[in-house]
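Visitor: Quick one: the structure is below, questions incoming.
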Amino acid sequence: MNREQISRLAHADHPIASPLDDDSVRRLLERGIPRGDERVLDLGCGGGEWLLRALATRPHLRAEGVDISEGSLAHAREAASNLGVHERLVLHHQDAADFASTHAFDLVLNMGATHAFGGLLPTLAAARKHLAPGGHVLIGEGFWEREPSPEGVEMLGDFTDLSTTLDHVAADGWTPVHGHISTRQELDGYEWAWSGSLAAWALDHPADPDSFQALAAATTHRSEWLRVYRDTWGFVSLVLRRTCD
């Protein structure tokens, strides 16, 4: 069982692959696409959940997603077809860093996948290339609420604290026009869903040759969350505009 398969099973009950509940997702999309007829790009769309939710509630929206996982894109295509929004969704199977388009986008997303570009500021630089004048960027990033352990940094990354994160964003030429800091309920809910969904699949499929590995992965993840980073790591979602277009 590879990493992608584990992730797919772990997100079965929490398809938004970030610590956000449905109301938070809805509010962030409302801020990022206020008109409802925008053109939206998700750099690292995975299974396309953000795009699918936006398309399902905005009949004049057009969306594109980019991801290196063909399996995730296949899921997005099937879900878009089931929702009846597939004609307004274009998916690109490639590295998001190499994506180029002939048109600009009113909203560019990257939620919890800045590592694909090498960090927060390189991700914003990539988003800037695709952004229409007056457009928004919706980005999700981790931060340290308290001093992390070396093990936590090695596990999750070399994040800064929240105020320093916002300082870096502002110094790079961006102004936050909305934001959301994931609550303890959202953070814990995401982790319980991740480990619980994977464990439930393993227990429901005891004869599957991957069952033992899935259960072990769920147990390890739950232990790491509770022992290493639960009390130190946070997640912020920012709706940004260019300070000077």
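The values are calculated or read from the model by the stated rules, or taken from the named source; none is laboratory data. Just so it is clear, the model here is predicted, and its values are computed rather than measured. Note that we place each Cβ from the backbone using ideal geometry, even for glycine, and neighbour counts take in every protein chain shown. The protein model used for the area step is the full one, side chains on, heavy atoms only, and it has no ligands, DNA or RNA in it. Shrake-Rupley method; radii C 1.70, N 1.55, O 1.52, S 1.80 Å.
Visitor: List the pairs whose first member sits in the range 12-28 and is over 12 Å from residue 191 (Cα atoms), whose second member is open to solvent by less than 80 Å² (accessible area, probe 1.4 Å) and in a loop (DSSP other than H, G, I, E, B), and whose Cβ atoms are under 8 Å apart, counting only residues at least 6 apart or on separate chains?
Guide: Final answer for the pair search is 15/47; 22/16; 24/182; 25/16; 28/20.
Visitor: Out of all the residues in the range 33-50, which are open to solvent by less than 60 Å² (accessible area, probe 1.4 Å) and not in a strand (DSSP E or B)?
Guide: 33, 36, 38, 44, 45, 46, 47, 48, 49, 50
Visitor: Turning to a different aspect of this structure: Is it true that residue 116 is open to solvent by less than 40 Å² (accessible area, probe 1.4 Å) and either within 29 Å of residue 66 (Cβ to Cβ) or in a helix (DSSP H, G or I) (or both)? So that I can check it myself, show each step before the final result.
Guide: Details: open to solvent by less than 40 Å² (accessible area, probe 1.4 Å): no; either within 29 Å of residue 66 (Cβ to Cβ) or in a helix (DSSP H, G or I) (or both): yes.
So residue 116 does not fit the description; no.
Visitor: Output the number of the condition that residue 30 fails; it satisfies all remaining conditions of (1) surrounded by 23 or more Cβ atoms within 10 Å (Cβ to Cβ); (2) at negative phi.
Guide: (1)
Residue-wise test of (1) over 16 Å from residue 12 (Cβ atoms); (2) assigned to a strand (DSSP E or B); (3) over 20 Å from the mean Cα position of the chain (by Cα).
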| residue | (1), (2), (3) |
| --- | --- |
| 139 | yes, yes, no |
| 151 | yes, no, yes |
| 165 | yes, no, no |
| 170 | yes, no, yes |
| 179 | yes, yes, no |
| 185 | yes, no, no |
| 193 | no, no, no |
| 198 | no, no, no |
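Visitor: Right, next: Can you find a residue in the range 225-244 that is buried (at least 20 other Cβ atoms within 10 Å of the Cβ) and closer than 14 Å to residue 13 by Cβ?
Guide: no
Visitor: Just the residues that are touching a Lys or Arg at 6+ places or on another chain (Cβ under 8 Å) and open to solvent by 50 Å² or more (accessible area, probe 1.4 Å), please, taken from the range 101-113.
Guide: 103, the sole residue that qualifies.
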